[in-house]
Amino acid sequence: MTYKIAILVGSLRKDSINKKVAKSICAFSGDRLNCDIVEIGDLPLYDQDSDANPPESYTRFRQEIAAADGVLFVSPEYNRGIPGVLKNAIDVGSRPYGQSVFNQKPAAIVTASPGSIGGFGSNHQIRQAAVFLNMPVMQHPEAYLGHVTDDSFDADGCLKEGPLKDIILALSNAFADWVHLIHDARRLLAAR
């Protein structure tokens, strides 16, 4: 079975290493995951006053997340925390209150950084929000990818052979298994 995955990348940079990591995770999943990076850079800052008449970009974003079978967060860390653009996207998708498009979507969180701690702070802030939003978040393997630079990828943006590629391959398989496990468990429970 192929699952539709919405990827939220917490970096707007054209040649973002996190965008390259996200594409690699999906490329390694074979036909198990059908992934799309969901645009978040065009979302105005969340404003509750716009709930009654949301901007078109809010509606588009919410529809794309709602149509997905799971969500993959791939992000850098800015100042030991979640990038503002990603936090805003989470806020937009979780509102109006009680209408979150993230509810019950299986998720995984991957943070990558040129630094040594691999986005640890951002990873845990995203996890905290996802748990509050009732998203079953993949616990293992944890993914704090440190020392990731543009040199980790070839000219086409593909991971070079080495330990990082092995980790990404394992993450890809684990996430595909996680999404299947959550959806399969729900099907079995519904059949009871």
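The values are calculated or read from the model by the stated rules, or taken from the named source; none is laboratory data. Remember, predicted model here, so these are calculated numbers, not experimental data. Every residue, glycine as well, gets a Cβ built from its backbone with ideal geometry; the counts of neighbours run over all protein chains shown. Note: accessible area is taken over every heavy atom of the protein model, side chains too, but ligands, DNA and RNA are not part of it. Shrake-Rupley method; radii C 1.70, N 1.55, O 1.52, S 1.80 Å.
For Lys4 and Ala27 in one chain, what is 0.36 nm times their gap in residues minus the Cα-Cα distance, to one decimal in nm?
6.9 nm
Counting only C-alpha contacts under 8 Å and six or more residues apart, can you give the relative contact order of the chain as a whole percent?
24
Taking amide H positions as placed 1.01 Å from N in the peptide plane, with prolines and chain starts having none, which residues 5 or more places from Tyr3, or on another chain, fall under 5 Å of its amide H?
Leu33, Asn34
If the chain between Glu142 and Asn79 were fully stretched, how many nm would it gain, using 0.36 nm times the residue separation less the Cα-Cα distance?
Fully extending the segment from Glu142 to Asn79 adds 20.6 nm.
If you add up the charges near Gly70, with Lys and Arg at +1 and Asp and Glu at -1, over every other residue whose beta carbon is less than 10 angstrom from its beta carbon, what do you get?
Once all neighbours under 10 Å are counted, the net charge is +1.
For the chain, give the percent of accessible area contributed by carbon and sulfur heavy atoms, probe 1.4 Å, rounded to a whole number.
Whole-percent figure for carbon plus sulfur exposure: 53.
With helices defined as uninterrupted DSSP H runs, which ones in the chain have an alpha carbon span along their own long axis of at least 24 Å and mean Kyte-Doolittle hydropathy of at least 0.5?
163-191
Give the residue from Leu86, Leu43, Asn53 lying farthest towards the positive end of the charge dipole for region 1-90; charges sit on Cβ (+1 for Lys and Arg, -1 for Asp and Glu) and the dipole is referred to the Cα centre.
Most positive-ward Cα: Leu86.
For the chain, give me every cysteine whose Cβ has no other Cys Cβ within less than 4.7 Å, ordered by residue number.
Those would be Cys158, since no other cysteine Cβ in the chain comes under 4.7 Å of theirs.
First select every other residue whose beta carbon is under 13 angstrom from the beta carbon of Leu181; then total the charges, Lys and Arg +1, Asp and Glu -1.
0
Which order do the peptides 160-168, 36-44 take when ranked by the mean count of other beta-carbon atoms within 10 Å per residue, highest first?
Answer by packing, highest mean first, reads 36-44, 160-168.
Label-point separation (nm) for Val131 and Asn103, each offset 7 Å from Cα along Cα-to-Cβ?
2.1
For the chain, set up a GNM with springs between Cα atoms under 10 Å and report which of Val148, Val137, Val179 has the largest fluctuation.
Between Val148, Val137, Val179, it is Val148 that shows the largest mean-square fluctuation.
Taking N as the number of residues in the chain, what value does Rg over Cα atoms divided by 2.2 N^0.38 Å take?
Rounded to two decimals, the normalised Rg is 1.00.
For the pair Arg60/Arg13, report the inter-label distance in nm, with labels modelled 7 Å from Cα in the Cβ direction.
2.5
Rolling a 1.4 Å sphere over the protein heavy atoms, what is the accessible area per residue of region 50-192, to the nearest Å²?
For region 50-192, the solvent-accessible area averages 50 Å² per residue.
Please report the antiparallel percentage of the DSSP beta bridges confined to the chain, to the nearest 5.
In the chain, DSSP labels about 10 percent of beta bridges as antiparallel.
Which length gain, in nm to one decimal place, applies between Cys158 and Gln48 when the Cα-Cα distance is subtracted from 0.36 nm times their residue separation?
Gain on extension, Cys158 to Gln48, equals 35.6 nm.
With each run of n ≥ 4 DSSP H residues scored as -39500 (n - 2.57), what mean residue ellipticity at 222 nm is computed for the chain after dividing by its residue count and rounding to the nearest 500 deg cm²/dmol?
Rounded to the nearest 500, it is -12500 deg cm²/dmol.
Can you list the HN-Hα couplings for region 136-150, worked out from phi with the Karplus curve (6.51, -1.76, 1.60; θ = phi - 60°), rounded to whole Hz and with x for Gly and Pro?
x, 9, 4, 8, 9, x, 6, 10, 10, 8, x, 6, 8, 9, 4
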